[in-house]
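Have a look at the structure below before the remarks.
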Amino acid sequence: MKIEAIELLRVEIPLVSPFRTSYGVDTVRDALLVRVVGSDAEGWGECVADREPLYSAEWVDGAAEVITRFLLPRVFADNHVCDVASVSAKLADVEGHPMAKGAVEMAILDAELRTTGVSFAEHLGATKGAVACGVSIGIQDDLDRLLTSVAGYLDAGYMRVKLKIEPGRDIESVRTVRTTFGDDLMLQVDANAAYSRADTAILRQLDEFNLSLIEQPLAPDDLLGHALLAKQIATPICLDESITSARGAADAIALGACSIVNIKAGRVGGYLEAVRVHDACASVGVPVWCGGMLETGLGRAANVALAALPNFLLPGDTSASARYFTEDLTEPFVLDNGHLRVPTGPGLGVAPLTDRLAKFTTSRTRIF
């Protein structure tokens, strides 16, 4: 594919309500977009890095710098000719920065697939036409407000509820939700690495609530701690931040550090590696689900396509657009009986709406 132009765009889209985790509070989606213009089609990539390096070492300003100075010159060094299969090898000598790399790969893959008329879902190996959706609820100090939020999402049709937790905002919240909505509610919690090995007694208290899983209780690099914790609690452990590659997933599973894996394409360096993580987990019978990073409709389209692969056996954080945005960058994804339809058009199957892109763009830089 001959590349004629590349742009980096920053967009800021207000969230419908603040989203609080143990890392902090988000009120807007500050996203970096990569636009690749080929001779026959354009492609879009979305970098999922946050404004600050709290969830991971990457942050959006740094990702823009890395993409501009180090990634794009390597990808398009050969007279601006590139195909997605070569991206990983061309970027191998750049250490780290998986979110930046994933955004570049996504844009090139989108353009390539639009050119050939193949959908993201078909290319990745999807087997489902719709994916089951869960919802992630941020930490809330007011329990009545928390119950109101859960009730609203269940009324909307979400099939699973995930509560963000942290020390001091855990047991009471989970007990209140479980008691109010009963044992039929598929309920899980996400600690975002907020606990330590010294908190085992607290985490063991969660066993009484029949949770589907506890996500990333300990630090990302503490696989041994997770393996030890897994032997001391009954609640299944799911890893998120710890999983950065297919090999890392296989190692974590072999060590007994987790029995479920959350796959986020940006965290592992792109959707092609995300498929490899899926395959590695499937080969040993470990189910996976698709996490979310407050993506716009572009990233959401790619996530829905990924979540349609066969070993995505649990509802993911692929919520409807209205969960996060009053206005999305694309046509909104709408919940239908607890599911989102998988886009079937070429590439992502969606594109930014011209007026929305203009409204939310804060900067636009042409690279060449």
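Structure notes:
- Strands (runs of 3 or more DSSP E) (entirely within the range 251-368) containing at least 2 residues that are aliphatic (A, V, I, L, M) and not assigned by TED's automatic domain parsing to the domain that holds residue 111: 260-263
- Exactly one residue out of 68, 27, 21 is surrounded by fewer than 20 Cβ atoms within 10 Å (Cβ to Cβ) and without any contact (Cβ under 8 Å) to a residue 60 or more places away in the chain: that is 27.
- Within the range 180-213, being in contact with an Asp or Glu (Cβ under 8 Å, 6 or more places away or on another chain) and either at pLDDT below 95 or within 16 Å of residue 136 (Cβ to Cβ) (or both) holds for 188, 189, 190, 191, 192, 193, 194.
- Residue selected from the range 166-179 under the condition polar (S, T, N, Q) and closer than 17 Å to residue 141 by Cα, by the criterion farthest from the chain's Cα centre (by Cα): 176
- Test: residue in the range 215-222 that is of a type in the set (S, T, N, Q), closer than 19 Å to residue 19 by Cβ, crowded, with 18+ Cβ neighbours inside 10 Å and in the same structural domain as residue 240 (by TED's automatic domain parsing): yes
- When restricted to residues that are surrounded by 14 or more Cβ atoms within 10 Å (Cβ to Cβ), under 23 Å from residue 293 (Cβ atoms), out of contact with any helix residue (DSSP H, G or I) (no Cβ under 7 Å at 6 or more places or on another chain) and of a type outside the set (Lys, Arg), the range 120-164 contains 13.
The values are calculated or read from the model by the stated rules, or taken from the named source; none is laboratory data. What you see is a predicted model, and the numbers here were worked out from it, not measured in a lab. Positions of Cβ are backbone-derived with ideal geometry, glycine not excepted, and every protein chain shown enters the neighbour counts.
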